[in-house]
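Enquirer: Supplied in structure tokens, the structure appears directly below.
The values are calculated or read from the model by the stated rules, or taken from the named source; none is laboratory data. Keep in mind the model is a prediction, meaning the values are calculated, not measured. Reconstructed Cβ throughout: ideal geometry from the backbone, glycine too, with neighbour counts over all protein chains shown. Side chains are part of the model used for accessible areas, which takes the heavy atoms of the whole protein and leaves out ligands, DNA and RNA. Shrake-Rupley method; radii C 1.70, N 1.55, O 1.52, S 1.80 Å.
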Amino acid sequence: MAGKATITDVAARQVLDSRGNPTLAVRVWLSDGVTAEAYAPSGASTGTREAVELRDRDMAVFRGKGVLKAVAMAKGAVRSRLLGMEARHLAAVDAVLAELDQGPEPVGANTTTATSLAVARAAAESEHLPFYKFLGGGASVPHFCPCPSLMCSTGGAHAKDGTDFQEYMFVPVGATSFAQALRMGAECFHALRDVLAGRGLPTSQGDEGGFAPPLAHNEDALELLCRAVEQAGYACGEDVAFALDPAASELWRDGAYHLEREGVTYSSAQMVDLWERWIGSYPIVSLEDGMAEQDWDGWRQLTERLGSRVQLVGDDIFVTNPTIFQEGVDKGIANALLVKVNQIGTLSETLQAMQIARRASYGLVISHRSGETEDTSIADLAVGTAAGQIKSGAPSRSERVAKYNRLLAIEEELGAEASFSRPFLAVAPAQA
């Protein structure tokens with residue numbers, strides 16, 4: 001009977017991610033003949049409490065980043081435990097994967113992530129459902145295509161010659177469909193290239209496709225974004241707003257924030273002051289990791305001061321971990337959760353964290369990683385769970401664009417069933 005297919009085989013191989021580093025691809029086979037494959041992404045700026053990847057650490061091969069040990073784990077311990085399990089019982093499958101990764105010989109979050117997603121994709125295929133509908137329970141209800149935050153300028157761990165802060169993004173708040181939002185974001189992205197070139201600045205790109213100009217001040221990037229939006233024919237705030245991911249944990253040392261390009265050091269209170277000034281001066285609708293994961297007091301200050309004015313997204317501080325995230329909710333930290341499956345290691349645990357966010361009325365942002373692949377699972381996850389938002393990098397590199405193109409296909413497939421998520425109200429035009 002459809003949907004009751006059992007796992008008959010698991011295989012894995014080493015492949016490359018978007019940075020040219022090895023990662024893991026896992027394929028599963030079911031008793032009804034269905035097969036499906038998924039890839040594990042990898043981050044550069046990672047939370048200290050993230051689930052840990054399994055790497056070979058043989059410095060003579062791929063600079064120690066090989067994943068042949070993870071391949072062996074998938075073909076060995078994982079395969080032997082999953083054979084005969086029903087693919088549709090994903091929570092049970094993921095419980096086995098979590099148990100294996102917590103045992104004396106951890107199989108690695110890269111192994112559990114790729115396997116969990118591959119099993120879920122196979123189960124969807126077995127039930128003759130698109131992956132997003134399987135994730136949504138198969139119900140025939142309107143599906144929300146997410147509002148994208150499109151990478152445009154980058155720095156930090158993703159582009160060492162760029163700004164101190166890691167990500168500046170365009171958010172097409174005036175769009176009424178995903179296709180229109182993607183077009184608006186892409187047009188602003190290309191306009192930014194022209195603005196940079198017109199000022200004699202390089203248009204080299206970082207890990208996620210954003211431009212990485214060497215700017216004297218981090219705020220200069222926002223002024224360039226404003227010019228690009230205008231040059232593309234849109235109004236700042238009314239049509240296109242901004243989202244930031246400073247990745248503040250990367251700047252935190254000895255109890256303070258070190259902005260090396262500007263040669264300044266800020267206390268937690270001064271960082272909150274900086275974000276308040278920027279939010280008052282530019283159409284910023286979302287601020288991710290505005291404070292370091294270690295700085296819970298700073299996060300509390302930020303949330304109390306700005307939580308009613310802007311989306312405050314927790315990434316490194318929560319690492320998509322239901323237990324850690326619940327602690328943050330209980331303490332009133334942030335008001336949105338960044339969702340990365342490989343931070344926690346399985347799809348079931350990811351969905352559990354998302355459910356906590358919904359109960360607490362927190363926003364949800366589905367996210368890629370800096371080391372990505374052509375796997376499009378997060379696009380289906382965003383639609384299937386009605387998360388409302390997605391960030392997948394710039395509209396310029398194939399591993400990023402693959403997710404956006406998948407969302408275009410989903411929106412077209414859904415037709416009248418599709419609704420476009422508009423999580424942000426239009427904000428006042430920038431005064432920069």
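Enquirer: Using a 1.4 angstrom probe, figure out how much accessible area the chain has per residue, in square angstrom, rounded to the nearest whole.
Expert: With the other protein chains kept in place, the chain gives 37 Å² per residue.
Enquirer: Report, to the nearest whole %, how much of the accessible area of the stretch 265-321 belongs to carbon and sulfur atoms, 1.4 Å probe, protein only.
Expert: Reported share for carbon and sulfur atoms: 41 percent.
Enquirer: Kindly provide the helix-only [θ] at 222 nm of the chain, computed as the sum of -39,500 (n - 2.57) over DSSP H runs of four or more divided by all residues, to the nearest 500 deg cm²/dmol?
Expert: For the chain, the value works out to -11000 deg cm²/dmol.
Enquirer: Before anything else, pin down the relative contact order of the chain: Cα pairs under 8 Å, at least 6 apart, normalised by residue count, whole percent.
Expert: The value is 20 percent.
Enquirer: Taking every DSSP beta bridge with both residues inside the stretch 166-307, roughly what % is antiparallel (nearest 5)?
Expert: Given both bridge residues lie in the stretch 166-307, the antiparallel proportion sits at roughly 75 percent.
Enquirer: Same structure again: Which residues does the label zone of Arg261 cover in the stretch 172-209, counting backbone N under 16 Å from a point 7 Å along Cα→Cβ?
Expert: Residues 193, 196-197, 199-209 qualify, since their backbone N sits under 16 Å from the label point.
Enquirer: 7 Å from Cα along Cα→Cβ at both Met85 and Arg253: what's the point-to-point distance in nm?
Expert: About 4.3 nm, to one decimal.
Enquirer: Another one. Starting from the Cα gyration tensor of the stretch 49-185, take the square roots of the eigenvalues, sort them a ≥ b ≥ c, and report rounded, prolate or oblate (rounded when a/c is under 1.5, otherwise prolate if a/b is larger than b/c, else oblate).
Expert: The shape class here is oblate.
Enquirer: Calculate one ³J(HN,Hα) per residue across the stretch 236-252 by plugging θ = phi - 60° into the Karplus curve 6.51 cos²θ - 1.76 cosθ + 1.60, and present them in order as whole Hz with x for glycine and proline.
Expert: The phi angles translate into 4, x, 6, 9, 9, 10, 10, 10, 10, 10, x, 6, 4, 4, 6, 9, 8 Hz.
Enquirer: Moving on to the next point. What percent antiparallel are the DSSP beta bridges of the chain, to the nearest 5?
Expert: 55 percent
Enquirer: Please report how far the C-alpha centroid of the stretch 206-284 lies from that of the stretch 18-62, rounded to the nearest whole angstrom.
Expert: With the stretch 206-284 and the stretch 18-62 each reduced to a Cα centre, they are spaced 31 Å.
Enquirer: Output the DSSP H helices from the chain with an along-axis C-alpha extent of no less than 27 Å and a mean Kyte-Doolittle hydropathy no less than 0.5.
Expert: 178-198
Enquirer: So, one more: Please list, in order along the stretch 29-36, the HN-Hα scalar couplings obtained from phi with the Karplus expression 6.51 cos²θ - 1.76 cosθ + 1.60 (θ = phi - 60°), rounded to whole Hz, x for Gly and Pro.
Expert: Per residue, the Karplus-derived 3J(HN,Hα) values read 10, 10, 5, 8, x, 6, 9, 8 Hz.
Enquirer: Let me ask another. How long is the gain from Glu105 to Arg277 if the chain were fully straight, where each residue apart is worth 0.36 nm and the alpha carbon distance is subtracted?
Expert: Between Glu105 and Arg277, full extension yields an extra 57.0 nm.
Enquirer: While we're looking at this one, here's another question. Could you tell me which label, among (1) 25.0; (2) 23.6; (3) 21.8, carries the value of Kirkwood radius over Cα pairs in Å calculated for this structure?
Expert: (3)
Enquirer: Follow-up. Give me the percent of the accessible area of the stretch 143-206 that comes from carbon and sulfur atoms, probe 1.4 Å, all protein chains in place.
Expert: 50 percent
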